[in-house]
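Accompanying notes for the structure given below.
The values are calculated or read from the model by the stated rules, or taken from the named source; none is laboratory data. What you see is a predicted model, and the numbers here were worked out from it, not measured in a lab. Note that we place each Cβ from the backbone using ideal geometry, even for glycine, and neighbour counts take in every protein chain shown.
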Amino acid sequence: MRKIFTVTLAILILFALAFAAHAKKGDGERKWDKRKPAGTYITSAKIEIISGDLDRYPNAINYLEHLFHYYGPHGDGLFLMAQIYVDYLDREPDLAKKKEYVTTVVAYADSLKAACADENIKKKFKKNCEANAEKMDSIKVVYWTDFYNTGIEKLNELTDKANERQAETDAGADSTTIAFFDEVINAKFDSCKTSFEIAIAIDPSQHKSYIGLGTACGVVGKFDEAVQWKEKALDFADDPASLRRDMGYDLIQEGDYCGAIPYLRAFVDENTTSYDADPTSVQLDTVTVFNLSICYNNCQEYEKATEMFHLLLKYDPNHLEALKGMGRYFNQMGQFAGDSISVYDEDADKKAHWQGERDKIFDSALVYFRGAFGVDPSDAMSTEMFAVIAFLKEDFEGAAAGFAKMTEIYPDEPEHFMSAGDAYLKLEQHANAITFYEKSVELKPDEKVVWELLVGLYQEVGDKTKASEAQKKADAL
């Protein structure tokens, strides 16, 4: 009884395609020649291959197809078939067609390896199986290296051309010039993508091919596709945490802040844990921690954002953006508490409760904004918030310092001079109050309230002439 062979799916597909290609037109099925000894088919195929004439390769393919038809998987036959397509691959100049040949070479190489391991195949059909399989593995390594390196070269060219396009855009280039760059970039991207796809087809376990292709997609703005390719590399990557970080940034570029969160969070958790364990050899990435906080804010996950701010301040107590972020958070919470006070205006107990909560919340906001003011007084947003909340909490020295700084930042805005004057008036520093109020009405002469304040201050310091002039100004308004 004839032994039934176990044939892999790859072999079945290859045989089916080969038989279909060689079926005679009009015939219902392939016409097969009379069966010959297996060695005859192998020898005949070798003669055709050794000739080096591509026109004779179809004859070799025909012999090997007969071999497979009559005898099933055959180690030498599969190796020779792979060699035929290696020759086709080497002599084909078109990159897209090379990709087709690579797929066939890999399929025959994988089928050869499967045949070597198949105990149901006769030993005489596997005499050189292991050696040939190793040769094919070596060939695959060479081709993977070649196509991967080609992909990297083309990626560099693509990146350079994209940078040139950006420079031309920034310089105000016309639409024709930009269209030319786009055409060149698209062509370079296609060749780069094909090179990496061929490398992936040769060895799907090499993570660098997926990363290279994902990077190329990012260069041309295809960020969703970039993430999809990099996702395939995660199981093989040497540093999956950093790869997740890169994927998070791809999604940020796409505007998908919420989608970026799990990737950035995975990186941050691993990075900070590693840094805590060995700060001498691990570089802390506080930039990504901050960007993660932005993603949380944009996705309205404010508690998670403050968690990131706390993390930043743990490692850098003077981190300006974290101080500002915490200040904004508590300021917003204080406003919510203020709204609750209005809601419970007729319920004395609840109103008192929310007044107490608001005061505590603004105390926290003031702490962080004071810290930000100390780190960078020239930051207008945090300095103004510090001054406003300090005034609200009756910290008039802090308010005066903050508003005075605001007058330096915005010297043409009378409101800041007026607010600085108010703070100094609360401190009973009349000379300073007069200085800021005078500048305020210089910028905005029709501010009656300020003129009236100046009347009182001039009288307080005994300057009757100025008091009289200020009174006239106020009366005229």
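Somewhere in region 160-180, is a residue exposed (fewer than 15 other Cβ atoms within 10 Å of the Cβ), closer than 30 Å to residue 138 by Cα, in contact with a Lys or Arg (Cβ under 9 Å, 6 or more places away or on another chain) and not assigned by TED's automatic domain parsing to the domain that holds residue 100? The answer is no, given that none of the residues of region 160-180 is exposed (fewer than 15 other Cβ atoms within 10 Å of the Cβ), closer than 30 Å to residue 138 by Cα, in contact with a Lys or Arg (Cβ under 9 Å, 6 or more places away or on another chain) and not assigned by TED's automatic domain parsing to the domain that holds residue 100.
Here is a yes/no grid of residues against (1) under 11 Å from the mean Cα position of the chain (by Cα); (2) free of Cβ contacts under 8 Å to residues at least 60 places away in the same chain; (3) in the same structural domain as residue 196 (by TED's automatic domain parsing):
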site: 219; (1), (2), (3): no, no, yes
site: 250; (1), (2), (3): yes, yes, no
site: 261; (1), (2), (3): yes, yes, no
site: 270; (1), (2), (3): no, yes, no
site: 283; (1), (2), (3): no, yes, no
site: 297; (1), (2), (3): no, yes, no
site: 307; (1), (2), (3): no, yes, no
site: 311; (1), (2), (3): no, yes, no
site: 322; (1), (2), (3): no, yes, no
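Quick check on residue 108: is it within 47 Å of the chain's Cα centre (by Cα) and surrounded by 19 or more Cβ atoms within 10 Å (Cβ to Cβ)? So residue 108 passes the test.
Just one of the numbered conditions (1) assigned to a helix (DSSP H, G or I); (2) farther than 28 Å from residue 295 by Cβ is not true of residue 346: (1).
Of the listed requirements (1) in a helix (DSSP H, G or I); (2) within 52 Å of the chain's Cα centre (by Cα); (3) surrounded by fewer than 20 Cβ atoms within 10 Å (Cβ to Cβ); (4) of a type outside the set (D, E, K, R), residue 378 misses just one: (1).
Of all residues in region 443-454, which are of a type outside the set (A, V, I, L, M, F, W, C) and either more than 51 Å from the chain's Cα centre (by Cα) or under 14 Å from residue 476 (Cα atoms) (or both)? Working first, answer last.
We begin by selecting, within region 443-454, every residue of a type outside the set (A, V, I, L, M, F, W, C); these are 444-448, 452.
Passing the criteria: 445, 446, 447, 448, 452.
Residues that are loosely packed, with under 15 Cβ neighbours inside 10 Å and aliphatic (A, V, I, L, M) number at least 2 in the following helices (runs of 4 or more DSSP H) confined to region 411-477: 448-461.
Based on what the data block shows, is residue 402 under 45 Å from the mean Cα position of the chain (by Cα), within 30 Å of residue 324 (Cβ to Cβ) and either buried (at least 18 other Cβ atoms within 10 Å of the Cβ) or basic (Lys, Arg) (or both)? Here the answer is yes, as residue 402 does meet what is asked.
Against the numbered list (1) in a helix (DSSP H, G or I); (2) out of contact with any helix residue (DSSP H, G or I) (no Cβ under 8 Å at 6 or more places or on another chain); (3) not assigned by TED's automatic domain parsing to the domain that holds residue 79, residue 136 comes up short only at (2). Within region 393-443, the set of residues being touching a Gly at 6+ places or on another chain (Cβ under 9 Å) and over 21 Å from residue 458 (Cβ atoms) comprises just one member, 403.
Output the residues belonging to region 28-45 that are over 22 Å from residue 117 (Cβ atoms) and buried (at least 16 other Cβ atoms within 10 Å of the Cβ). Spell out the reasoning first.
Filtering region 28-45 down to residues over 22 Å from residue 117 (Cβ atoms) leaves 28-37, 39-41, 43-45.
Those that are over 22 Å from residue 117 (Cβ atoms) and buried (at least 16 other Cβ atoms within 10 Å of the Cβ): 41, 44, 45.
Per-residue answers, yes or no, for (1) touching a Leu at 6+ places or on another chain (Cβ under 9 Å); (2) outside any helix (DSSP H, G or I):
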{"site": "158", "(1), (2)": "no, no"}
{"site": "161", "(1), (2)": "no, no"}
{"site": "167", "(1), (2)": "no, no"}
{"site": "183", "(1), (2)": "no, no"}
{"site": "190", "(1), (2)": "yes, no"}
{"site": "196", "(1), (2)": "yes, no"}
{"site": "200", "(1), (2)": "yes, no"}
{"site": "218", "(1), (2)": "no, no"}
{"site": "221", "(1), (2)": "no, yes"}
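Okay, residues lined up against (1) in a helix (DSSP H, G or I); (2) within 16 Å of residue 203 (Cβ to Cβ); (3) touching a Leu at 6+ places or on another chain (Cβ under 9 Å):
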position: 88; (1), (2), (3): yes, no, yes
position: 96; (1), (2), (3): yes, no, no
position: 103; (1), (2), (3): yes, yes, no
position: 110; (1), (2), (3): yes, yes, no
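Within region 333-361, being touching a helix residue (DSSP H, G or I) at 6+ places or on another chain (Cβ under 8 Å) and under 19 Å from residue 384 (Cα atoms) holds for 333, 334, 361.
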